[in-house]
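The block underneath contains the structure these notes are about, expressed in structure tokens.
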Amino acid sequence: MTIQTDALIVGAGPCGLFQIFELGLLGVKSEIVDSLPVVGGQCTELYPDKPIYDIPGIPVCSGQELIDSLMKQAEPFDAGFHLGEEVVEVAAENGGFRVVTSGNKVFQTKTVFIAGGVGSFQPRKLRLPEAQEIEGTHVNYKVKDPSRYRDKRIVILGGGDSALDWALALHSNAQHLTLVHRRDEFRGAPATLEALERSPDNKKIDILRSSKLTGINIDGKNLVSVEIKQQDDEITTIPADDLLVFYGLSPKLGPIADWDLDINRKTINVDTERFETNIPGIFAVGDINTYPGKKKLILSGFHEVALAAFAAKTIIEPGKKVHLQYTTTSPIMHERLGVEDVE
Ligand code: FAD
């Protein structure tokens, strides 16, 4: 069965979710697809508990709180959610587009909004077979539940913000924490490293610079210890219950690369009036697009989403003038939002 729609959004990160809202305000109902089983993109996957300080009008909120608010804001527009399915094919058909997912869902849509972020992003993983055996239990590439690490001997690998932030967040409640970085200098924020070094609990922390993991020892489904080669080439065995690896992400554009779009170093070229790609009717918003001066920030994505919605409306209802209306005062907006008119 083919699902007919005016707008199909690829990616349910912050920009995809706000795209539902901006289209909804213009009276356009959308369908949204994400390969992950949950909405939220990078905010939910990579930093659900971390504070964001640069969303206009929200002095501080966590990654997950932002996503929860965007979901609430999008609620009145009754979008169709299709999670855990990758969009694998987009092709021009019948004056619009035929879109197919990995779950074999087929959409016929007038417009497509690619809000695919860095594509299907995957953490860079350890190549050791032992690590694969206990992945998701004692070897992890993200922290889902910080309380799980209480009283544990933790080893964190990496030198960026994620490694430093989680070392700072977890060390006080841990039995012991070892932070291992292959270089002398950390890439993450110097203030975080300083906070870690000055922590009242710093007796529980070892920071090993110019060191790298050479092996891990497991016993059945448990981690026993890790082998670390230090500056002097000596290999030290460090007893450990949990290993957290923050070697960064390896972005994979995935199937998006095959849709005949004008790709520029894993991003899609767009104009800055409509945020449309080289294919009329296909828009690209958020981290996935590029144009002169592009900044990969959520607030930039929100602006792009609003303009792309206005541009798409002229394709969905050709010949009809699209008026800008304020949500504060417009009765049509209030009707679409499902709120009462206030005199
Ligand atoms: P994403 O959040 O990347 O979401 C894209 C979604 O598309 C993903 O869920 C992916 O699964 C899906 N997808 C991709 N390809 C397909 C496909 N073919 N089919 C189906 N689904 C697909 N920005 C700020 O403005 N302020 C901050 O303080 C801030 N802090 C950050 C901290 C960290 C640690 C990181 C990593 C990023 C931070 N950012 C911050 C950047 C911000 O998270 C991104 O700019 C934002 O997430 C981009 O949103 P997006 O919707 O474009 O893409």
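The values are calculated or read from the model by the stated rules, or taken from the named source; none is laboratory data. This is a predicted model, so every value here is computed, not measured. Reconstructed Cβ throughout: ideal geometry from the backbone, glycine too, with neighbour counts over all protein chains shown.
Things worth noting here:
- Subset of the stretch 253-301 that is away from the ligand (no atom under 14 Å from the Cβ) and modelled with pLDDT under 95 - its residue that is surrounded by the fewest Cβ atoms within 10 Å (Cβ to Cβ): Arg265
- Taking the stretch 192-251 and the strands (runs of 3 or more DSSP E) fully enclosed by it, the elements with 2 or more residues that are β-branched (Val, Ile, Thr) and surrounded by 14 or more Cβ atoms within 10 Å (Cβ to Cβ) are at 205-208, 212-219, 222-229, 235-239.
- Among the conditions (1) in contact with a Ser or Thr (Cβ under 8 Å, 6 or more places away or on another chain); (2) within 10 Å of the ligand (Cβ to nearest atom); (3) at pLDDT 95 or above; (4) assigned to a strand (DSSP E or B), Val90 misses just one, which is (1).
- Selection of the stretch 64-87 for residues being among the small types (Gly, Ala, Ser) and in a loop (DSSP other than H, G, I, E, B) yields Ala79, Gly84.
- All positions within the stretch 157-174 that are closer than 24 Å to Gln230 by Cβ, in a loop (DSSP other than H, G, I, E, B) and over 19 Å from the mean Cα position of the chain (by Cα): Gly158, Gly159, Ala174
- The residues of the stretch 23-56 that are assigned to a helix (DSSP H, G or I), more than 9 Å from the ligand (Cβ to nearest atom) and either surrounded by fewer than 24 Cβ atoms within 10 Å (Cβ to Cβ) or at positive phi (or both), listed by number, are Gly24, Leu25.
- Figure legend. Inter-residue proximity from the stretch 1-19: first residues within 12 Å of Val39 (Cα to Cα), second residues among the hydroxyl-bearing types (Ser, Thr, Tyr), beta-carbon distance below 9 Å, spacing 6+ or different chains. Indicated pairs: Gly11/Ser35; Gly13/Thr44.
- Residues of the stretch 105-115 that are within 14 Å of the ligand (Cβ to nearest atom) and over 11 Å from Gln4 (Cβ atoms): Lys105, Val112, Phe113, Ile114, Ala115.
- Screening the candidates Asp219, Asp206, Asp232, Asp262 for the property of being within 28 Å of the chain's Cα centre (by Cα) and among the acidic types (Asp, Glu) yields one hit, Asp262.
- Residue list for the stretch 3-22, restricted to those being within 17 Å of Glu85 (Cβ to Cβ) and either within 7 Å of the ligand (Cβ to nearest atom) or at pLDDT below 95 (or both): Val10, Gly11, Ala12, Gly13, Gly16
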